[in-house]
Every structure is written in C-alpha cells, then in structure tokens.
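Asks: Starting off with a structure, shown below.
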Amino acid sequence: MRDGTIVAMGARRYLQNEVEDVFDRSTFGAVRGELILLRSHDEGHTWLGPTVVEPPLSNPLETCHAVVELADGRWLMPTSILRNRDGSAPDGVRAVALVSEDRGQTWNRLLDLLDSYEQGLTRFEVSLIQLPDQCLLAASWAFEFKSGGSHVLRYSISKDGQSFGLARSTELNAETSKLLSLGEDRVLVVSRRFDKPGLRATLVRIDGNTWVNMEEIPLWQGPDQNVRPACISGRTECAAVRFSPATPAS
C-alpha cells in the first residue's frame, strides 16, 4: 500500500474429514469458508491478524488476487463468486470486487465486474488494475459449465470507478491471466492459454474502451498446461512474474 503496509488476503475453510475436497467438480461448487486479512507494517517481518472479512455475500468466494488500492483511497478485493457445494448460487456466479472505504476494516459494498452466468459461464481468476487515467480494467477466465471448456478471455472497463461496461473479447485464448499497467495506454498481460502449453506475455494497448493486442511472446514453455501466473508486479522498465502449478478449473 502507499503507506508501506503489506496486506495479505486468503481463505480459511473447514472440511469435514481429511478426504473432503474444497472444490466439487460434479457441481462446480465449493465449500464456504472465511476470508481473512493480515497486515505487516515492517516489510513482512511481523504480521497482525488474521482478522475475518465479512462480505455482503453468502456464496463461497475465490481468493485469486491481491488487494488493490485505488487513487481515491478505496481498497478493492477482486474475487469470483462460486456456487455452493450443492450447486446452488443465491448470489449468482460472477466476478466482483469487494469494496472497503476504511482501509480494510469493513467490506460492505461490491462492484460487479463480469457476469455471464445466464450464458452458462462462470468466472474464475479475475484480475483488476487501475490505469493512469483512473479507469479500472478487469479481465477474467470464462469457463462453461456444460462443456467443461474455456471461452476467449473477456474484459470490462469502468470509467467512473463504480460501474463496469459490457464484457468484450480480448481475442486471447487465455484462462488464468494477470494484468500490469505499464503507464499511458500500455498493459502487460501474462496468461495461461488453453490452446497451447506454458505461459505467454502479451503487450496490449487500451484505446478508450477497446483492447488492442500488439505483441505476444512465450515466457515459459514447460509441459504443464495447468500452470498459472500467481502474481505480476513491476514498472515500465522491469516486471517480475511468479507462477505455480494449478489444477483444472481451479
């Protein structure tokens, strides 16, 4: 954060036995758990917490992103609303951002980022950044329940920081993707593709509401197609990417 605080978010889930899984692939539902937040004021040497985050939702939530601090001081926690383990979804299934206006003490509001549930799609692994012009850019993996396949990565933009426009195609055959603003209108996208193994980096230009793919290079070409970028950070001159193994639809 701008004041030097390091904020960590995670999930704590309570399973009934040692063989129970957090995610049920027969329903594409998950065990509901607690979102937890920790803080460090000394560069990670010591930590305060965890404290339990109480979101205005009843469905399970995916933990897939760092907290984003906006220029106006709000904190956003990008996440995806998942089905319950029994397949029910009273809150719908979509990508949202929890909103805190008191530096993580309470999270009483949310922003809708991407929603394709009526088309039979869920949203996994959402990524969100603020651009230099203060607009917000979100992108998320679209997974189809019926076929078990992935669709083209889609994005949405918010001009006012409150409401997002319609989802549009990035023309990238990508699943888990992470975004990094490079300044001006340039964005770096690191993604796992569903049409080829490894990780790819794509240089993108944001022209108003339009996503323009400029150049793509392979970053890692290992055999594991389930690898995913876990985080991406840096500045215009240098970017660091951390990636880890993943399981399908996780």
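Asks: Where the centre of each part is set by its Cα atoms, how far does region 7-25 sit from region 113-172, in angstrom?
Replies: Cα centroid to Cα centroid, the span is 25 Å.
Asks: Between Asn108 and Ser88, what FRET efficiency comes out of the Förster formula 1/(1 + (r/R0)^6) with R0 = 22 Å and r the beta carbon distance, rounded to 0.05?
Replies: 0.40
Asks: While we're looking at this one, here's another question. Under a Cβ-Cβ cut-off of 9 Å, what is the net charge of the residues other than Thr122 that fall near it, where Lys and Arg count +1 and Asp and Glu count -1?
Replies: Once all neighbours under 9 Å are counted, the net charge is +2.
Asks: Using 0.36 nm times the number of residues separating Glu184 and Asp72, minus their current alpha carbon distance, what extension gain do you get? Intermediate results must be reported in sequence, preceding the final value.
Replies: On the way: separation 112, 0.36 × 112 = 40.32 nm, distance 1.89 nm.
Stretched out fully, the Glu184 to Asp72 stretch lengthens by 38.4 nm.
Asks: Whose amide H sits under 5 Å from the amide H of Thr106, counting only residues 5 or more places off or on another chain, with H placed in the peptide plane?
Replies: Sorted by chain and number, the residues that satisfy this are Glu101.
Asks: How much net charge surrounds Asn209 when only other residues with a Cβ under 10 Å from its Cβ are counted (Lys, Arg +1; Asp, Glu -1)?
Replies: +1
Asks: Arrange the following residues from fewest to most other Cβ atoms within 10 Å of their Cβ: Lys178, Lys196, Lys146, Lys159. The partial results should precede the final answer.
Replies: Details: Lys178 26, Lys196 11, Lys146 7, Lys159 14.
Going from least to most buried by this count: Lys146, Lys196, Lys159, Lys178.
Asks: Now for a separate question. Please give the contour-minus-distance gain from Asp24 to Gln162: 0.36 nm per residue of separation, less the Cα-Cα distance, rounded to one decimal in nm.
Replies: 46.4 nm
Asks: Still on this model: Mind listing P(r) for region 6-177? All alpha-carbon pairs, 10 Å bins, whole percents.
Replies: For region 6-177, the binned pair fractions read 10, 37, 35, 16, 2 percent.
Asks: Rounded, prolate or oblate: which one fits region 17-69, using the alpha carbon gyration tensor with axes a ≥ b ≥ c (rounded when a/c is under 1.5, else prolate when a/b beats b/c, else oblate)?
Replies: Values: a/c = 2.54, a/b = 1.95, b/c = 1.31.
Judged from the Cα gyration tensor, region 17-69 comes out prolate (a/c at least 1.5, a/b above b/c).
Asks: Here's something else I'd like to know. Within 15 Å, Cβ to Cβ, of Glu54, how many net charges do the neighbouring residues add up to if Lys/Arg are +1 and Asp/Glu are -1?
Replies: Result for the neighbourhood of Glu54: -1.
Asks: Going by amide H atoms built from the backbone, whose H comes under 5 Å of the H on Gly29, apart from near neighbours?
Replies: Those lying under 5 Å, H to H, from Gly29 are Asp24.
Asks: Output wanted: per-residue J couplings in Hz (rounded whole) for region 176-181, from phi through Karplus 6.51 cos²θ - 1.76 cosθ + 1.60, θ = phi - 60°, x for Gly and Pro.
Replies: Computed from phi, the couplings for region 176-181 are 4, 9, 10, 10, 9, 6 Hz.
Asks: Report the gain in length on full extension from Tyr117 to Glu215: 0.36 nm times residue separation, minus Cα-Cα distance, nm rounded to one decimal. Intermediate results must be reported in sequence, preceding the final value.
Replies: Values: separation 98, 0.36 × 98 = 35.28 nm, distance 3.13 nm.
Fully extending the segment from Tyr117 to Glu215 adds 32.1 nm.
Asks: Now a separate question. For a label point 7 angstrom out from the Cα of Lys146 toward its Cβ, which stretches of region 71-101 have the backbone nitrogen within less than 14 Å?
Replies: none
Asks: So, one more: Whole-Hz ³J(HN,Hα) for each residue in region 109-125, computed from phi via Karplus 6.51 cos²θ - 1.76 cosθ + 1.60 with θ = phi - 60°, x for glycine and proline: what do you get?
Replies: These are the phi-based 3J(HN,Hα) values: 10, 9, 10, 7, 9, 9, 9, 10, 5, 5, 8, x, 10, 10, 10, 10, 6 Hz.
Asks: Further question on the same structure: Would you mind checking the radius of gyration and Dmax of region 1-107 based on alpha-carbon positions, in Å?
Replies: 15.0, 45
Since every read-out is calculated from the coordinates, none of them should be taken as a lab result. What you are looking at is a predicted structure, and each value in this text was computed from that prediction instead of being measured. Every residue, glycine among them, receives a Cβ derived from its backbone with ideal geometry; neighbour counts consider all protein chains shown.
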